[in-house]
Amino acid sequence: MLHAPPDEILSEPRRSFIEELLRTNRRRILDAIGSCTGRTDPDRGTTTPPGPSPHLAGCSRRLIHVATLDQIEADSFAFRYEEGARHDNFVLLAEFPDPARTYSFTGLPAFFLNRVMSPRRASYPTYCHWLGLSEFPTPVEFLARSGGGRATDTFHVVDGLIPVNGRVEGHFLASGVRCVEGNGSLSRLAPGDRFRLLPEPDNTVDSEAVLLTDAGEDPVGYVPDWLLGDVHGWGLPNTAVRVAQANAEAPAHLRLLCRIEAHPSRG
């Protein structure tokens, strides 16, 4: 997926895909983003403290892109800050003190590695199932799907979506499921079912919000706010969101795994 397994177990189409990515010598794989001011997350039941944070602060609820992790080779990574890190209240990470430098590593940097659930935890196999991952995902795969959230800061890690042959594909966990899902709508969903994307310009929390509804027009969740800029940039008619996996028994923020496919070059 994001981290190439040994060559001998790669199918030829998968080998060609990975080789094409690595030929560019740089692949954006993970974006580090975070929330800005105090707000309650209805799915996680937690509140982000208002004002400056040890790792991220800002002036709206929208997540902002502060850093990028690139995969150079199978076990070689590079970290760099992005424009969002220039915010007045942002405090540079102790592991990466120079905002102008690109840091290179062999192996996943500790900041990211420490956000991966330990396989020794009894709940690890269940989490992998909820995230639609194999029993033994790489740390990068787990991070990209789970978000790598921690109670001690407001960072969130997301898969860097990159166009391939004019198409963008990826996964995300729907937001706000607890707020809108009702009448057992999740239990009616099947992998591959397509959602309707409805903009909510009058939404008082975020005017760019995009609601997901099922075939019966029942709301099931929202496109997460970190993805809204991309979705609106691609155009809603050029973007398809389908069910990857519904986890009715999971915590709300893990209940609906979606697959997104967009064709930015269309109309």
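The values are calculated or read from the model by the stated rules, or taken from the named source; none is laboratory data. Everything numeric here is computed off the predicted structure, so don't read it as measured data. Here the Cβ is made from the backbone with ideal geometry for all residues, glycine too, and neighbour counts use every protein chain on show. Just the protein is used for accessible areas: all its heavy atoms, side chains included, with ligands, DNA and RNA removed. Shrake-Rupley method; radii C 1.70, N 1.55, O 1.52, S 1.80 Å.
Key figures for this structure:
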{"item": "Subset of segment 62-111 (residues that are under 16 Å from E141 (Cα atoms) and among the hydrophobic types (A, V, I, L, M, F, W, C))", "result": "L69, I72, A74, F77, L108, A110, F111"}
{"item": "Per-region count, segment 97-125, residues β-branched (V, I, T) and under 19 Å from D159 (Cβ atoms)", "result": "1"}
{"item": "Breaking point among (1) of a type outside the set (F, W, Y); (2) free of Cβ contacts under 8 Å to residues at least 40 places away in the same chain; (3) touching a Lys or Arg at 6+ places or on another chain (Cβ under 8 Å); (4) more than 17 Å from T154 (Cβ to Cβ), for A67", "result": "(4)"}
{"item": "Test: L211 is without any contact (Cβ under 8 Å) to a residue 40 or more places away in the chain, open to solvent by less than 50 Å² (accessible area, probe 1.4 Å) and part of a strand (DSSP E or B)", "result": "yes"}
{"item": "Given (1) part of a strand (DSSP E or B); (2) out of contact with any Cys (no Cβ under 7 Å at 6 or more places or on another chain); (3) open to solvent by less than 30 Å² (accessible area, probe 1.4 Å), index of the condition F172 fails", "result": "(2)"}
{"item": "Yes/no for D206 being more than 17 Å from the chain's Cα centre (by Cα) and within 26 Å of Y127 (Cα to Cα)", "result": "no"}
{"item": "T152 being open to solvent by less than 40 Å² (accessible area, probe 1.4 Å) and either among the polar types (S, T, N, Q) or farther than 27 Å from D230 by Cα (or both)", "result": "no"}
{"item": "Answer residue from segment 55-74, given it is part of a loop (DSSP other than H, G, I, E, B) and exposed (fewer than 13 other Cβ atoms within 10 Å of the Cβ) and is modelled with the highest pLDDT among those", "result": "S60"}
{"item": "Long-range neighbours under 8 Å by Cβ, at least six apart or interchain, first residue under 19 Å from L256 (Cα atoms) and touching a residue at least 12 places away in the same chain (Cβ under 8 Å) within segment 117-141, second aromatic (F, W, Y) and part of a helix (DSSP H, G or I)", "result": "C128/F142; L131/F142; L133/F142"}
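A quick yes/no check of all residues on (1) in a loop (DSSP other than H, G, I, E, B); (2) hydrophobic (A, V, I, L, M, F, W, C):
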| residue | (1), (2) |
| --- | --- |
| F90 | yes, yes |
| A100 | yes, yes |
| F105 | no, yes |
| P119 | yes, no |
| G132 | yes, no |
